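Peer 1: I'd like to ask some things about the structure below.
The values are calculated or read from the model by the stated rules, or taken from the named source; none is laboratory data. Note that the structure is predicted; figures quoted are calculated from it, not measured. Methodologically, a virtual Cβ is constructed for each residue, glycine included, from the backbone with ideal geometry; neighbour enumeration extends over all protein chains shown. Side chains are part of the model used for accessible areas, which takes the heavy atoms of the whole protein and leaves out ligands, DNA and RNA. Shrake-Rupley method; radii C 1.70, N 1.55, O 1.52, S 1.80 Å.
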Amino acid sequence: MANPCTHLLLFGATGDLSKRMLLPSLFNLDADGLLPECLRIIATARSVHDTPEFVAIAAAALDQYVDADRRDPAKVQRFLDRIAYVPLDASEPAGFGALADAAGDKANLAIFLSTAPSLFGPTITGLSGSGLAGPGVRLALEKPLGSDLASSRAINDAVAAAYPEDRTFRIDHYLGKETVQNLLALRFGNALFEPLWNARGIDHVQITIAETVGLEGRAGYYDGMGALRDMVQNHMLQLLALVAMEPPAQFDPTSVRDEKVKVLRALRPIDRHSVEGCSVRGQYGAGAIEGQPVKGYAEELGKASQIETFVALKAHVDNWRWQGVPFYLRTGKRLPERSSEIIIRFKPVPHSMFGEASLKPNTLVISLQPDENVGLSMMAKAPGLDRDGLKLRSVPLDIGISNAFADVRRRIAYERLLLDLIEGKQTLFVRRDEVEAQWTWIDAIRAGWEATGMAPKPYAAGNWGPTAAIALTERDGVTWHD
Ligand code: BG6
């Protein structure tokens, strides 16, 4: 492990991510005594403020986003005392000198870039030009890291010119979620599942990330991306890789990421020939969420658009373990509920001795959010004298993670990721070859949409996407787990 850093440089410090996630996460770590004693946080952004002004902004963010019972005034003060603010126009190389001065001896520095993609290039040039890319410096990058393989390569090349891969930390905040890491514990900490975790034991896999929110004022970004690039390219493919990968020999950055990238490279391309049968695009129209009327996407945007706010895919991993097992992926905005889950549907028993009694195959439901739950449906005998024959019913075997670990505070994903960055641990960050394999697969789908003229189908806000998404699985005799 690298030495914990002594300086953390936070780009985009006045932005939404910083206020909602990064500053509260850093405060939480500090309050729990997890930050290095000497850590200084140098916040930077374009807005011109002095340190006291920025500290007031940070204090307001903590008031808004940290639970009141955690905001011990002494701890808040100790945290705020760590902060200095240096205004910077990242497109002006001259400004980086002041940043370098504030960053101490640069022997142990972590930099967190949460800036517009157009500023990546100039920022990296400015950083390396002012001595902020030396051997003791780690760089974390927040998405979007490009919008296709070519642009992602250009960013990766620019980064690689200044920071080697072992000092580059690409963030996918899903990897910081406790339940996502729990997937590894479930698969590789239990002997129970592994013998069945393959095409002989599993019928299909479903991964859903459903959101109720719409554009959230992010029109400029979202309308250039759409659901496929915003959610599938990163979060969903990372989840798929964790579900499908071979057991890594060690829980270390190389072993885990080697196994994930093999899965990503084994994804069967969905191209112009298969895209119509394997993908569904949707765009929400007006409807209702939690009983409240909401506008359609185009109306929110103020113009017509061909961008999808929903996507459903039927994917395959072409290797021995997963031959013939469909992975159904689905994500969208303005769906009926916020829920992320992974469903593993096992194969039915080969023969039922119970005759007519309907046996349902076992299903493992891994709920990531809002509730953290792992449930396994099992067939059990319904109590009774069975004069009309034995009755069986599917009953859940549930591990409510929040109950099982009731005494442990649930942490924000960024707490884990920031601490790992500060301590130099790369396992939960995405390696370049993973990102590029992800983009390769996504670009083929987009090219297929383009070639076949596949436009998004409408769905009313508050529904589970267009009806074609239901047909995508029903054709295979599979029903989405709603
Ligand atoms: C982000 C996407 O990466 O993830 C957003 O850009 C999306 O569009 C968000 O809303 C979802 O994250 P979470 O943690 O709320 O599920």
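Peer 1: Along the charge dipole of the chain, Cβ charges K/R +1 and D/E -1, which of A61, H235, H273 sits furthest on the positive end?
Peer 2: Farthest towards the positive pole: H273.
Peer 1: Something else: In terms of the Cα gyration tensor, with a ≥ b ≥ c the square roots of its eigenvalues, is the range 155-279 rounded because a/c is under 1.5, prolate because a/b exceeds b/c, or oblate?
Peer 2: Verdict is oblate for the range 155-279.
Peer 1: In percent, what relative contact order does the chain have, based on Cα pairs under 8 Å that are 6 or more apart in sequence? Let's see the in-between values first.
Peer 2: Numbers: 875 pairs, mean separation 92.0, N = 482.
Worked out over the chain, it gives 19 percent.
Peer 1: With the contact rule set at Cα under 8 Å and sequence spacing of 6 or more, what percent relative contact order holds for the range 323-387? Mind dumping the intermediate values first?
Peer 2: Values: 67 pairs, mean separation 17.9, N = 65.
Here the relative contact order equals 28 percent.
Peer 1: Within 15 Å, Cβ to Cβ, of A244, how many net charges do the neighbouring residues add up to if Lys/Arg are +1 and Asp/Glu are -1?
Peer 2: Values: positive: R187, R200, R257, K260, K262, R265, R268, K314, R321, R345; negative: E194, D203, E246, D258, E259, D318, E434.
So the surrounding residues net to +3.
Peer 1: Let me ask something else. Hey, any idea what Rg/Rh is for the range 88-227, computing Rh the Kirkwood way over Cα pairs?
Peer 2: 1.09
Peer 1: So what is Rg over Rh here for the range 30-72, counting just Cα atoms and using Kirkwood for Rh? Intermediate values should be presented prior to the final figure.
Peer 2: Details: Rg = 12.3 Å, Rh = 12.2 Å.
Taking Rg over the Kirkwood Rh, I get 1.01.
Peer 1: Using Cα positions and a limit of under 14 Å, work out the aspartates and glutamates in reach of K177, with same-chain residues fewer than 8 apart set aside.
Peer 2: E341, D371, E372, E415, D420
Peer 1: Still on this structure: What whole-number value in Å² describes the accessible area per residue of the range 105-206 for a 1.4 Å probe?
Peer 2: On a per-residue basis, 36 Å².
Peer 1: If you build the convex hull over the alpha carbons only and average its shadow over all orientations, what do you get for the range 172-214? Give it in nm² to one decimal.
Peer 2: Mean projected area of the Cα convex hull: 4.5 nm².
Peer 1: Carbon and sulfur together cover what percent of the accessible area of the chain at a 1.4 Å probe radius? Intermediate results must be reported in sequence, preceding the final value.
Peer 2: Details: 11240 of 20790 Å².
Exposed carbon and sulfur together represent 54 percent of the surface.
Peer 1: When N counts the residues of the chain, how does its alpha-carbon radius of gyration compare numerically with 2.2 N^0.38 Å, as a ratio?
Peer 2: The chain yields a ratio of 1.04.
Peer 1: Let me ask another. Can you bin the range 374-482 into rounded, prolate or oblate? Criterion: square roots of the alpha carbon gyration tensor eigenvalues sorted a ≥ b ≥ c, rounded for a/c under 1.5, prolate for a/b above b/c, oblate for the rest.
Peer 2: On the way: a/c = 2.71, a/b = 1.20, b/c = 2.25.
It comes out oblate by the Cα gyration axes.
Peer 1: Something else about it: Between the helical axis of 120-129 and the dominant principal axis of the chain, each derived from Cα atoms, what acute angle in degrees is found, rounded to the nearest 10?
Peer 2: 40 degrees
Peer 1: Given an 8 Å cut-off on Cα distances and at least 6 residues of separation, report the relative contact order of the range 249-317 as a percent.
Peer 2: Dividing the mean separation by the residue count of the range 249-317 yields 36 percent.
Peer 1: I would also like to ask the following. For the range 220-350, what number of Lys pairs, 8 or more residues apart or on separate chains, have alpha-carbon atoms under 26 Å from each other?
Peer 2: The result is 9.
Peer 1: Follow-up. Leaving out ligands and nucleic acids, and using a 1.4 Å probe, what accessible area per residue does the range 32-79 come to in Å²?
Peer 2: 58 Å²
Peer 1: OK, next. What Kirkwood hydrodynamic radius, in Å, does the range 272-321 give when the mean of 1/r is taken over all pairs of distinct Cα atoms and then inverted? Spell out each step's value before the answer.
Peer 2: Details: mean 1/r = 0.0745 Å⁻¹.
About 13.4 Å for the range 272-321.
Peer 1: How much accessible area per residue does the range 379-482 have, in Å², with a 1.4 Å probe?
Peer 2: I get 52 Å² per residue for this part.
Peer 1: Do the sum for the chain: with -39,500 (n - 2.57) for every DSSP H run of n ≥ 4, divided by all residues, what is the mean residue ellipticity at 222 nm, to the nearest 500 deg cm²/dmol?
Peer 2: Details: 16 runs with 153 residues, N = 482.
One gets -9000 deg cm²/dmol as the mean residue ellipticity at 222 nm.
Peer 1: Shifting gears a bit: Can you check what the net charge comes to around T168, using other residues whose Cβ is under 15 Å from the Cβ of T168 (Lys, Arg +1; Asp, Glu -1)?
Peer 2: 0
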